[in-house]
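Just below is one structure, and these are the notes that go with it.
Where a number appears in this text, it was derived from the coordinates with a stated rule and is not lab data. These figures come from a predicted structure and were not determined experimentally. Ideal geometry is used to build each Cβ from the backbone, glycine not excepted, and the neighbour counts take in all protein chains shown.
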Amino acid sequence: MTVIDSKDQATRTAPDVREVISTVEELRELLPSIGEAQAAEMREVQARYPFRIPRYYVEKVLRNDPADPLWSLALPGKAEIYDAGTERWDAFQLAERVMDHPRWIQKYKYEVLLRLTNFCSGLCRYCYLKNRENVQGFLSHAEIDVMFDAAEASPQREALREIVLSGGDPLTVPGEYLEHLAERIDRLNKTVRRRITVTVHTREPVWSPLRVMRTKGLLRGLEKLKPASYILHVVHPREVTKGLLDCMAMLGNLTEARKPLMMTQHPLFRGINDDARVITEMYDALDAGDVVVKPYYLIHPFPDGTLPQHRLRLTESQAILRALASAPGTRVPLLTIPTPMGKCVIGPYEKLEDRGGFYLLHTKDGVPVEYTTGELYNPAERRDHIPVTISSRRGGI
Ligand code: SF4
């Protein structure tokens, strides 16, 4: 599908502020059941961590009911005040990476994650990039050129197989930047023997699908990028709105050839989606649309960001996977345990042996990780043997 529209030259993809709610007062107009005490608490949290939520999400997903479990994921709450918001995730990187730039995050020789922005239309209260300080603003043309000039000159580039576009959210980036990025990725691909594919990590079709669908510049940029896959971050069946399904269908049909693989990944949260029935309902809702969405990752709570009331022990996450595993293989996700050293994946019946307060896991590359048997994993504990760099990070450990 061609989306070029000559009248759209001035289109920017950052959300229209009228569609995004950023004050507690505006929010209470839509959710009047927010009482005075809760509003005061929200303001206190907002003084420390930014708050933003698209009107679409409030109107179509949330209920005007303080008992709605999704409130604690989307609206400021006092549990956040005790979160340091330490953004140490990017501190752990491969010593032999293709190049060194704050936006270029490389934990594996075959995959790089590009932080295109620190912006998202809505701010998840469990985000591990809580202070939004990992990178600033949208990536510029000059930064794209610096990164890809270096990548073209790097002997490590032959090992690269995938460029993951992340953020913040890549679907908030102005389309002309994405077009330039697409040109540089195409150019890099001409210097290597096998194709380096593009994957897009996004939650924008959940937060604000109508904006995505009408932003021609963004669609034009995505059409040029030709992602091999989109990995949609959706956490609950109610988030699967008609707008989301329409948006996924539109993203899937931007190109005639090599249509992207659509996949979903979702963190697990106690009290919200820590139940295979809830997750299956979400998969079924996604399957009701016009594109096939493969359940990809079931994510054990992140070490950073996840609020205390939502944390799980590893054995609890594994039990959820076990309850999902008895289904066609195309409907069963991988249980992944995020660690700053890389992802660990465990099977539904894998024996987890308590070795004195920790399990011994391995990343995809075989790096050993001592992972807590409790709910709170501290990645600072066990990293001596990991090849890491912290030079590009503030707040690294
Ligand atoms: S969409 Fe992703 S990057 Fe954005 S606030 Fe949520 S978890 Fe963080």
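Relative contact order for the chain: 17 percent, from Cα pairs under 8 Å spaced at least 6 residues apart, divided by residue count.
Rounded to the nearest 500, the 222 nm mean residue ellipticity of the chain from helices alone is -8000 deg cm²/dmol, with -39,500 (n - 2.57) taken per DSSP H run of at least 4 residues. Taken over segment 43-117, the percentage of Cα pairs per 5 Å bin, counting from 0 up to the bin with the maximum distance, is 3, 12, 17, 13, 12, 13, 13, 11, 5, 1, 0.
Within the chain, what's the longest run with no GluC sites (Glu not before Pro) in a DSSP loop and at most 16 other beta-carbon atoms within 10 Å? Give the range, please.
Here the longest segment lacking exposed loop sites spans 134-255.
Normalising the average separation of contacting C-alpha pairs (under 8 angstrom, six or more residues apart) by the number of residues puts the relative contact order of segment 134-207 at 46 percent. Can you tell me what percent of all Cα-Cα pairs in segment 277-364 are more than 23 Å apart? Taking all Cα-Cα pairs of segment 277-364, the fraction more than 23 Å apart is 28 percent.
Check the straight Cα-Cα distances from K109 and name the aspartates and glutamates below 12 Å, setting aside those fewer than 8 residues away within the same chain. Correct list for K109: E96, E158, E162, D365.
Here the chain has an Rg and Dmax of 20.6, 64 Å, counting Cα atoms alone.
Of the trypsin sites (Lys or Arg not before Pro) found in segment 203-302, the ones in coil according to DSSP and having at most 14 other Cβ atoms within 10 Å of their Cβ are R258. Rg over Rh for segment 148-249 works out to 1.03, both radii taken from alpha-carbon positions and Rh defined as the Kirkwood radius.
Computed on segment 200-317, with alpha-carbon pairs under 8 angstrom and 6+ residues apart, the relative contact order is 26 percent. For segment 214-371, how big is the tail of P(r) above 21 Å, as a whole percent of Cα pairs? Looking at segment 214-371, the distances longer than 21 Å represent 51 percent of pairs.
Listed by chain and number, the lysines placed with their C-alpha closer than 21 angstrom to that of K226 are K190, K216, K259, K294; residues fewer than eight positions away on the same chain are left out.
Treating r as the C-beta distance of D365 and E36 and R0 as 56 Å, the FRET efficiency rounds to 0.60. Among P205, L307, V345, whose Cα projects farthest towards the positive end of the dipole of the chain, with charges put on the beta-carbon of Lys, Arg (+1) and Asp, Glu (-1)? In the chain, that residue is V345.
Free of any chymotrypsin sites (Phe, Trp or Tyr not before Pro) that DSSP assigns to a loop and that have at most 16 other C-beta atoms within 10 Å, the longest stretch within the chain is 111-348.
For segment 247-358, the Cβ-based charge dipole about the Cα centre amounts to some 240 debye (Lys, Arg positive; Asp, Glu negative; other atoms uncharged). Of all DSSP-defined beta bridges confined to the chain, some 40% are antiparallel rather than parallel. Based on alpha carbons, the Rg and Dmax found for segment 168-221 are 12.9, 39 Å. Scanning residues 5 or more positions from V200 or on other chains, those with amide H under 5 Å from its amide H are L165, S229, Y230, I231, with H placed 1.01 Å from N in the peptide plane.
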